[in-house]
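Enquirer: Below you will find the structure I want to go over with you.
The values are calculated or read from the model by the stated rules, or taken from the named source; none is laboratory data. Nothing here was measured: the structure is a model prediction, and the numbers come from that model. Cβ sites come from the backbone with ideal geometry, for glycine too, and all protein chains shown count toward neighbours. Accessible surface areas use protein heavy atoms only, side chains included; no ligands, DNA or RNA. Shrake-Rupley method; radii C 1.70, N 1.55, O 1.52, S 1.80 Å.
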Amino acid sequence: MKPCKLGGLLHWLKGPSMACGHTVLMRLVASAYAVAQKAGMIVRRVIAEGDLGIVEKTCATDLQTKADRLVQMSICSSLARKFPKLTIIGEEDLPAEEVDQELIEDGQWEEILKQPCPSQYSAIKEEDLVVWVDPLDGTKEYTEGLLDNVTVLIGIAYEGKAIAGVINQPYYNYQAGPDAVLGRTIWGVLGLGAFGFQLKEVPAGKHIITTTRSHSNQLVMDCVTAMNPDDVLRVGGAGNKIIQLIEGKASAYVFASPGCKKWDTCAPEVILHAVGGKLTDIHGNALQYNKEVKHMNSAGVLATLRNYDYYASRVPQSVKNALVP
């Protein structure tokens, strides 16, 4: 038995290891894909049942719902059973308790196992990996019915670097009509690519900034203004903002403030980097994801699909001075 970290608490789980035949990383990504799809189903089910079970964590904009709790239990428990030597760090502080069997997902996405593992990751051991889990990114928007903002994030890090990630959008396509198939899952591995979406770019010369909807302050506004944007999109969820970049709806994600955490950025960073984009803090430093690192991205986030240097050069020195790495 090995500990699964649930928001800093230890939750002991026991289960069989998966059969060998594929690298640990690709088996983990294939399992995370299946787990993320189940998570999306849980997110939709909670709304359908009509009781979100909302509680405030630290303030009125920092919320937790029944979906946050159930999805984290599902993801952490499912992955820890198959990969008992993993370090898994989830957003929510949850008590150690038995997890209902219906929350466990034992499957894996076979299409991922058909892909070759990048050679630099072929010898990775299970105990060398850290998984960062945001069970419901965009919780406030979820409670307000802004469902296209919501994602489930599972990021995988090795030696402090985000190397693989899975993003589920539970309500992708939800405005397409009553017969539309809901949800999609995006995944990626550095050195292999990112899959599950159509890559697009903002037209050349356009500067469209995506930034926080509910956590703005003067620093954020000063930094966004300095980019001289043609348009500003204020939306919820780090995962949602990175999807805006890779689908050509925005050209830069700017969040010049503490508040974003490692579980918010790990999986989205992989997807962006896998298609040639870049995500750093406001100073241009790479984010670190080893298990001992502080959870807060205290120096904010700057991300682009293209033209990173243009946006980085426009960050005001006053903003940099205010945000300590």
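Enquirer: If you place +1 on the Cβ of every Lys and Arg and -1 on the Cβ of every Asp and Glu, how big does the dipole about the Cα centre of the stretch 166-317 come out, in debye to the nearest 20?
Expert: 140
Enquirer: Here is a further query. Expressed as an acute angle from 0 to 90° and rounded to the nearest 10, what is the orientation of the C-alpha long axis of helix 24-49 relative to the principal long axis of the chain?
Expert: Long axis of 24-49 versus the principal axis of the chain: about 80 degrees.
Enquirer: Can you find, among Leu147, Ala194, Ile88, the residue farthest towards the positive end of the dipole of the chain? Put +1 on the C-beta of Lys and Arg, -1 on that of Asp and Glu.
Expert: Final value for the positive-end residue is Ala194.
Enquirer: Over the stretch 159-241, give the accessible area per residue in Å² for a 1.4 Å probe, as an integer.
Expert: Ligands and nucleic acids excluded, the result is 47 Å² per residue.
Enquirer: Just how large is the dipole of the stretch 218-297 about the Cα centre, in debye to the nearest 20, putting +1 at every Lys and Arg Cβ and -1 at every Asp and Glu Cβ?
Expert: 260
Enquirer: Using label points projected 7 Å from each Cα along Cα→Cβ, tell me how many nm separate Glu98 and Asp51, to one decimal.
Expert: About 2.0 nm separates the two model spin labels.
Enquirer: Now for a separate question. So, with a 1.4 angstrom probe, what is the percent of accessible area on the stretch 40-169 that is carbon and sulfur?
Expert: 47
Enquirer: Something else: With labels modelled as points extended 7 Å from the Cα through the Cβ direction, what inter-label distance (nm, one decimal) is found for Asp106 paired with Tyr310?
Expert: In this crude label model, Asp106 to Tyr310 measures out at 5.2 nm.
Enquirer: Give, rounded to the nearest 20 debye, the magnitude of the charge dipole that the stretch 63-128 has about its Cα centre when Lys and Arg contribute +1 at Cβ and Asp and Glu contribute -1 at Cβ. Please report the intermediate quantities before stating the final value.
Expert: Numbers: 7 positive and 15 negative charges, 56 e Å.
Computed charge dipole of the stretch 63-128: roughly 280 debye.
Enquirer: Follow-up. As a quick test, which of the pairs Lys206/Lys278; Lys114/Lys249; Lys85/Lys294 have an alpha carbon distance above 24 angstrom in this structure? Spell out each step's value before the answer.
Expert: Values: Lys206/Lys278 18 Å; Lys114/Lys249 31 Å; Lys85/Lys294 21 Å.
In this structure, Lys114/Lys249 lie more than 24 Å apart at Cα.
Enquirer: What is the extension gain from Lys161 to Asn217, computed as 0.36 nm multiplied by their sequence separation minus the C-alpha to C-alpha distance, in nm to one decimal?
Expert: Full extension of this stretch gives 17.2 nm more.
Enquirer: Moving on. Ordering Thr87, Thr143 by accessible area with a probe of 1.4 Å, largest first, what comes out?
Expert: Thr143, Thr87
Enquirer: Helix-only mean residue ellipticity at 222 nm, the chain, DSSP H runs n ≥ 4 weighted -39,500 (n - 2.57), per residue, nearest 500. What is it?
Expert: My calculation for the chain gives -8500 deg cm²/dmol from helical runs alone.
Enquirer: I'd like to compare 71-77, 200-206: which one has the highest average count of other Cβ atoms within 10 Å, and what's the full order after that?
Expert: 71-77, 200-206
Enquirer: Using the heavy atoms of the protein chains and a 1.4 angstrom probe, tell me the accessible area per residue for the stretch 244-298 in square angstrom.
Expert: Computed with neighbouring chains in place, this is 30 Å² per residue.
Enquirer: Also: If r is the Cβ-Cβ distance from Thr225 to Thr143 and R0 is 30 Å, what FRET efficiency results, to the nearest 0.05?
Expert: 0.55
Enquirer: Next question. Cβ neighbours within 10 Å, averaged per peptide: list 147-156, 117-126 in order, most packed at the top.
Expert: 147-156, 117-126
Enquirer: Averaged per residue, what accessible surface does the stretch 19-120 expose to a 1.4 Å probe, in Å²?
Expert: In whole numbers, the stretch 19-120 has 44 Å² accessible per residue.
Enquirer: Amide H neighbours of Cys260 under 5 Å, counting only residues 5+ apart in sequence or on other chains, H built in-plane at 1.01 Å?
Expert: Residues meeting the criterion, in which the H sits 1.01 Å from N, are Asn297.
Enquirer: What are the ³J(HN,Hα) couplings of the stretch 308-319, residue after residue, when phi is run through the Karplus curve with 6.51, -1.76, 1.60 and θ = phi - 60°? Round to Hz, x for glycine and proline.
Expert: Karplus-based 3J(HN,Hα) across the stretch 308-319 equals 4, 4, 4, 6, 4, 5, 9, 5, x, 4, 4, 5 Hz.
Enquirer: What residues have an amide H closer than 5 Å to that of Thr210, excluding those fewer than 5 places away on the same chain, when H is modeled at 1.01 Å from N in the peptide plane?
Expert: Result for Thr210 returns Leu233, Ser251, Ala252, Tyr253, Val254.
Enquirer: With a sphere of radius 12 Å drawn around the Cβ of Val220, what net charge do the other residues whose Cβ falls strictly inside it have (Lys, Arg +1; Asp, Glu -1)?
Expert: Working: positive: Arg213, Arg234; negative: Asp222.
Here the count lands on +1.
Enquirer: Take Met296, project a point 7 Å from its Cα along the Cβ direction, then tell me which residues of the stretch 213-237 have their backbone nitrogen under 14 Å from it.
Expert: Once the point is set 7 Å along Cα→Cβ of Met296, nothing inside the stretch 213-237 turns out to lie under 14 Å by backbone N.
Enquirer: Between the stretch 151-167 and the stretch 246-325, how many Å separate their Cα centres?
Expert: Here the two parts' Cα centres lie 15 Å apart.
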